[in-house]
Amino acid sequence: YELVRGSDNRIILYVNDHQNRPADARPLQGRWTLDPDGPSPVTGPFEASPGGEFLSSTLPDRARGNAAQVKVEVRKGSEWAGMDFYLPPPKE
């Protein structure tokens, strides 16, 4: 997984297959959790891009302009795979 954050609080998740080639994200289900170990974690879904190049979502306003700890999980079939990301504050 590669997670990219835009200045508009949008996050884009690129998913590769087991041979490190871009995978079609359309059959995948994804979710993110902001501050997973904090006192008030927030969870939201990802949506696949129309061409399947990536999954995307928008973080809540409380993350805008701040560093963020985000746990990302992607489900393929019946299995969830998770990874933690630290996102520095976005560049203006």
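What follows draws every value from the coordinates through simple rules; no lab data is involved. Since this is a predicted model, take the numbers as computed values, not measurements. Please note: Cβ atoms are built from the backbone with ideal geometry, for glycine as well, and neighbour counts cover all protein chains shown.
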Fill in: Percent RCO, i.e. relative contact order, over the chain, from Cα pairs under 8 Å lying at least 6 residues apart
29
Worksheet, complete the sentence: Rounded to the nearest 0.05, FRET efficiency between residue 16 and residue 86 (Cβ-Cβ, R0 22 Å) equals 0.65
Worksheet item: For the chain, what is the percent of antiparallel DSSP beta bridges, rounded to the nearest 5?
Response: 100
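Can you pull the Kirkwood radius for the chain, inverse mean 1/r over Cα pairs, to one decimal in Å?
Values: mean 1/r = 0.0745 Å⁻¹.
It works out to 13.4 Å.
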Item to complete: Can you pull the one-decimal nm distance between simple spin-label points at residue 35 and residue 4, each 7 Å off the Cα toward Cβ?
Response: 2.8
Discussion item. Please give me the summed charge of the neighbours of residue 32: other residues whose Cβ is under 9 Å from its Cβ, Lys and Arg +1, Asp and Glu -1.
Written reply: +1
Practice prompt. Can you figure out the FRET efficiency of residue 42 with residue 67, using R₀ = 22 Å and their beta-carbon distance, to the nearest 0.05?
Written response: 0.90
